[in-house]
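Beneath this line is the structure, given in structure tokens, with notes to follow.
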Amino acid sequence: MHPRISLHQAAFMGASTSAFLDHCRAIGVANATLVSPKLLLPHGMDDARGGLAAGGVRVSCVNHPFATFPNLELDTGEAARKLDEVIGMIAELGAPSIYLVTGGRGSLSWEEAAERFTRLVAPCAETACSHGIALLVENASAFNVDIHMAHTLSDTITLAELAGIGVCIELHACWPEGGLSVSFRRAMPRCGLVQVSDYVLGDRTAPCRAVPGDGAIPLERLLGDLLEAGYQGLFDLELLGPRIEAEGPAAATRRAAERVSEILDRLGA
């Protein structure tokens, strides 16, 4: 597999972290994105340590839901306390970054929520920096408005600039946007991760991810634009939903890794 491929744990939420890391090893993917709710389970860190002990896979990023206690408007400090706990965990695991789902806005306007997110995350950003860990925020579908506030790539970059943190570009959520190559260039100074999957036209169920190459997203062109803009990081395969479950996560993620590897090889990444 291409060395810039990463595999996201989202497809394996029903399995242990060690089993997920074993699968990464088995298909030759050397980078893995873990999810903090699995690490926060009793013995979750022991499971991760055990899975990493065999070598061959590193934790490249961790996904963490931030202000979901219950949202940005009503959070009383739990979001920062929990993120600080996760920062300590992943510092031990050696992960270089965490990408965040912000938490929902509640009754706040977008601008008010952005200011609230910036204030809540600021002390955590300092803690992360002291550990050499980058905080990122992703763009995510408006289907996730209950747990997130950044739904276009432009808004996500604006939020990251306000908060002084990085960006995770989720292609599944932004590929239909206009001016995307311009947004890519704007994001580059802050871009720490790019997430890759596909979408089959007409799918209405969320999440509705497909294996790259099975759908309509022009991935080779988009990945080429990202490389041309100067992106030097990993391409994270985040696959979940009915199509992935029907094929089976193991088979679907292997096909995805092979197909994106082929694209990256053609592009000279």
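The values are calculated or read from the model by the stated rules, or taken from the named source; none is laboratory data. From a predicted model like this one, the values you see are computed outputs, not experimental measurements. For neighbour counting, all protein chains shown are included, and Cβ atoms are generated from backbone atoms with ideal geometry for every residue, glycine included.
The residue pairs whose first member lies in the stretch 164-181 and is touching a residue at least 60 places away in the same chain (Cβ under 8 Å), whose second member is of a type in the set (Phe, Trp, Tyr) and not in a strand (DSSP E or B), and whose beta carbons are closer than 9 Å, counting only pairs six or more residues apart or on different chains, are 172/199.
Could you count how many residues in the stretch 70-98 are assigned to a helix (DSSP H, G or I) and more than 24 Å from residue 167 (Cβ to Cβ)? Outline the logic, then answer.
We begin by selecting, within the stretch 70-98, every residue assigned to a helix (DSSP H, G or I); these are 78-93.
Then keep just the ones that are more than 24 Å from residue 167 (Cβ to Cβ); that gives 78, 81, 92.
Going through the stretch 70-98 one residue at a time, the tally reaches 3.
Residue pairs whose Cβ atoms lie under 6 Å apart, separated by 6 or more positions or on different chains, with the first residue in the stretch 132-159 and within 18 Å of residue 182 (Cα to Cα) and the second aliphatic (A, V, I, L, M) and in a loop (DSSP other than H, G, I, E, B), are 139/150; 156/150; 159/150. Screening the candidates 121, 167 for the property of being of a type outside the set (D, E, K, R), part of a helix (DSSP H, G or I) and at pLDDT 95 or above yields one hit, 121. Using the structure shown, decide if residue 134 is in contact with a Pro (Cβ under 9 Å, 6 or more places away or on another chain) and within 18 Å of residue 168 (Cβ to Cβ). Answer is yes for this residue.
Each residue in the stretch 216-254 was checked for being charged (D, E, K, R), surrounded by fewer than 20 Cβ atoms within 10 Å (Cβ to Cβ) and under 22 Å from residue 202 (Cα atoms), and 4 of them qualify.
I'd like to check something: does the stretch 148-166 contain any residue that is more than 21 Å from residue 96 (Cα to Cα), out of contact with any helix residue (DSSP H, G or I) (no Cβ under 8 Å at 6 or more places or on another chain) and among the charged types (D, E, K, R)? There is no residue in the stretch 148-166 that is more than 21 Å from residue 96 (Cα to Cα), out of contact with any helix residue (DSSP H, G or I) (no Cβ under 8 Å at 6 or more places or on another chain) and among the charged types (D, E, K, R). Determine if the stretch 42-50 includes at least one residue that is over 18 Å from the mean Cα position of the chain (by Cα), on the phi > 0 side of the Ramachandran plot and small (Gly, Ala, Ser). The answer is no, given that none of the residues of the stretch 42-50 is over 18 Å from the mean Cα position of the chain (by Cα), on the phi > 0 side of the Ramachandran plot and small (Gly, Ala, Ser).
Quick check: is even one residue across the stretch 91-101 surrounded by fewer than 19 Cβ atoms within 10 Å (Cβ to Cβ) and farther than 16 Å from residue 36 by Cβ? Looking through the stretch 91-101, none of the residues is surrounded by fewer than 19 Cβ atoms within 10 Å (Cβ to Cβ) and farther than 16 Å from residue 36 by Cβ.
Scanning the stretch 184-215 for residues being buried (at least 18 other Cβ atoms within 10 Å of the Cβ) and in a loop (DSSP other than H, G, I, E, B) gives a total of 9.
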